[in-house]
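One structure is given here, and the rest of the page talks about it.
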Amino acid sequence: MTTSYNAAATVVMDGRSTTTSSTTGSGVSSSCFSSFSSSSPAESFERTHLHPALERRRTLGSLRTLTPYHSHGTSLDDNGNTQSFLDFSSNDYLGLAQSQQQHDIVQEIYHQEQRTYHSLGSTGSRLLTGDSQYAHTLERQLAQYHQQPAALVCNSGYDANLAVLSSLVAHGAILFLDELCHNSIQMGIRMGQRRGTHNHTQQKENQSTNDNDDNNDQTTSVFTTTNSTVRSFGHNSVNELETLLHEVSSTSTSSSTSSSQPTSSSIVIVVESIYSMDGDAAPLQDIFDLAYRYNACVVVDEAHGLGVYGVRGMGLIEEYQLQHHPSLLCAIYTFGKAAGCHGAVVCGSDTMIEFLYNFGRPIIYSTTLPYHSLVCIDCAYHTMRNDTGQRLRHHVLDLVQTFRRLMTDQVIATIRSGSSTDSSSGSGIGCGGRMSLLVESRSPIQAILIPGNQRCVDFCKMMYIRSNGSIRLFPIRSPTVSHGQERVRVVLHAFNTKDQVQYLVSMIRLCLIDLQLLPASLEMTPTTTITTQPRHRSKL
């Protein structure tokens, strides 16, 4: 017998509300449910499984919360008062997401094309009703910009990495990835491992293939996916990567008679061009050359390189002129950072792209981006590649140098001298007399190491108070980063000014003193006059 439940209805009559008793599908009054238990099944599940997990996070100081962030101009504080913000946290490196000029460009193109593409939503996946000629034209342009044969637009960088990594692993790739690769890469690998195991079991049970069921995707590699391996190497360690490559190469050579043994041609090295938590760059030239020597492929996540590096802002691969390197399998470019919009694109060979829309489940089973998003992507590339984009890149990279110089002169020099009050304890910044406050980075991402979840949170709260609510930085806590590597992530943008950067460094210094991470005798009153962003959207 099926039982359904309908909530009691509230009827408003003559300004008064009255509640009428409803019944279940079986004719039983809903009030009868109260006699079965003191809590609902959903409440019991939450109490047993969800609350303990949240409480553990709360105890560890790693509980995440949602806080509205107004990255540009003014907003209202908790008391409803207007306050100005300086954005040193968002990934909007070039300021395109907050640019009135960019917004106007998008709207103009969008309204011009609405006569042809008038639907608000895409209405389906790319393989069904969500495809469009505009999407094909855009992908051809993106492939040309990145000097690749083909391109495939995805809903997000996360989806793109899930699709690429899960498909490669499920079809027999051996993955060597940098230990600091993004969560989306790691989750894509896990997804592929589950698919690979399932596919292998299906092949043993039933050799027939149902072309309409993607769960039965057949692997065509020379060894079964159950023997596929995933290994990580030390961050940016080319030597450690070579050791792994040499081990696999030696194993495949000595076991060449066994078809189940992995071969070096099955190896895919996965790296990011710029790492999101440290801001440092991968040694792409060395990695590509090493991959070629061992007959391996490379996949590069260019999420934080796009728009910032390269003569036309096309990323670190363009910066090093590696677009036509024989070991490049594909690259993923994410649009939620410097491009100032949403989505991502995978660029590679025609075969690689065809493979993805046949086996990449996040692509196959997701409603694709709407037309307005495609226009935003098109316009973002136009701006990133023209003179305006070049000017914005030069300015933000100049601010990076300014920030690091000021930090060195006003903060790090003190730590190097061993005068930090925490140095004797062997914990915290500057321990052992070493400079360990600022991670080495030449990108807009600057990481200030402040070990300890609570200490990181306290620093950000202190920054907000000290700056009169004008600067809101965010703690990056474990388990997002390793224990002891907690940090505050500072991001510089093309719309920031040198005076604002000077003010930021002054606030950082004062907050470190407040937390007793620098001696109080070093406290100085900031002399720089703060200039906040304009109240309305910025101009490029």
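The values are calculated or read from the model by the stated rules, or taken from the named source; none is laboratory data. Keep in mind that what you see is a predicted model, and the values were worked out from it rather than measured. Ideal geometry is used to build each Cβ from the backbone, glycine not excepted, and the neighbour counts take in all protein chains shown. What goes into the accessible areas is simple: the full protein's heavy atoms, side chains included, and nothing from ligands, DNA or RNA. Shrake-Rupley method; radii C 1.70, N 1.55, O 1.52, S 1.80 Å.
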Practice task
Check whether at least one residue in the stretch 168-180 is among the aromatic types (Phe, Trp, Tyr) and crowded, with 22+ Cβ neighbours inside 10 Å, and report yes or no.
Solution key: yes
Practice task
Would you tally the residues in the stretch 464-484 being free of Cβ contacts under 8 Å to residues at least 60 places away in the same chain and either buried (at least 23 other Cβ atoms within 10 Å of the Cβ) or not in a helix (DSSP H, G or I) (or both)?
Solution key: 4
Practice task
Scan the stretch 85-113 for residues that are touching a residue at least 60 places away in the same chain (Cβ under 8 Å) and either within 24 Å of Ser132 (Cβ to Cβ) or small (Gly, Ala, Ser) (or both) and report the count.
Solution key: 13
Practice task
Evaluate the stretch 147-161: report whether one residue or more is surrounded by fewer than 23 Cβ atoms within 10 Å (Cβ to Cβ), under 22 Å from the mean Cα position of the chain (by Cα) and part of a helix (DSSP H, G or I).
Solution key: yes
Fill in the blank from the handout: Of (1) surrounded by fewer than 24 Cβ atoms within 10 Å (Cβ to Cβ); (2) modelled with pLDDT of 95 or more; (3) of a type in the set (Ser, Thr, Tyr); (4) out of contact with any His (no Cβ under 7 Å at 6 or more places or on another chain), Thr367 fails just (2)
Exercise for the section: Find all pairs meeting these conditions: Cβ atoms under 6 angstrom apart; at least six residues apart or on different chains; first residue within the stretch 305-316 and within 13 Å of Leu142 (Cβ to Cβ); second residue in a loop (DSSP other than H, G, I, E, B) and open to solvent by 10 Å² or more (accessible area, probe 1.4 Å). Expected result: Gly315/Tyr309
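Within the stretch 115-145, restricting attention to residues that are of a type in the set (D, E, K, R) and surrounded by 19 or more Cβ atoms within 10 Å (Cβ to Cβ), which residue is modelled with the lowest pLDDT? Explain how you work it out, then say what you get.
Keep residues of the stretch 115-145 that are of a type in the set (D, E, K, R), which gives 115, 126, 131, 139-140.
So of that shortlist, the ones also surrounded by 19 or more Cβ atoms within 10 Å (Cβ to Cβ) come out as 126, 139.
On the way: Arg126: 92, Glu139: 98.
The residue in question is Arg126.
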Completion exercise
The number of residues in the stretch 394-432 that are in a loop (DSSP other than H, G, I, E, B), at pLDDT 55 or above and buried (at least 16 other Cβ atoms within 10 Å of the Cβ) is 1
Exercise for the section: Please identify the pairs in which a residue from the stretch 386-399 that is touching a residue at least 40 places away in the same chain (Cβ under 8 Å) and on the phi < 0 side of the Ramachandran plot has its Cβ atom under 6 Å from the Cβ atom of a residue that is of a type outside the set (S, T, N, Q) and part of a helix (DSSP H, G or I), counting only partners at least 6 apart or on another chain. Expected result: Leu399/Val501
Handout entry: Qualifying residue in the stretch 225-233 (condition: modelled with pLDDT under 50, over 30 Å from Ser89 (Cα atoms) and surrounded by fewer than 20 Cβ atoms within 10 Å (Cβ to Cβ))
Key = yes
Practice task
State yes or no: is Ser62 modelled with pLDDT under 95, surrounded by 15 or more Cβ atoms within 10 Å (Cβ to Cβ) and either under 26 Å from the mean Cα position of the chain (by Cα) or not in a strand (DSSP E or B) (or both)?
Solution key: yes
Practice task
Provide a single number: the residues in the stretch 342-355 that are surrounded by fewer than 23 Cβ atoms within 10 Å (Cβ to Cβ) and within 21 Å of the chain's Cα centre (by Cα).
Solution key: 1
Practice task
Tell me, please, whether a residue that is closer than 30 Å to Ser84 by Cα, modelled with pLDDT under 90 and assigned to a loop (DSSP other than H, G, I, E, B) can be found in the stretch 434-444.
Solution key: yes
Practice task
Say whether the condition of being under 26 Å from Val505 (Cβ atoms) and at pLDDT 90 or above is met by at least one residue in the stretch 71-86.
Solution key: yes
Fill in the blank from the handout: With criteria (1) modelled with pLDDT of 90 or more; (2) within 22 Å of Pro370 (Cα to Cα), Gln148 comes up short on (2)
Problem - Single residue of the stretch 286-341 satisfying the filter (closer than 27 Å to Gln101 by Cα and touching a Cys at 6+ places or on another chain (Cβ under 6 Å)) that is surrounded by the most Cβ atoms within 10 Å (Cβ to Cβ) - result: Phe335
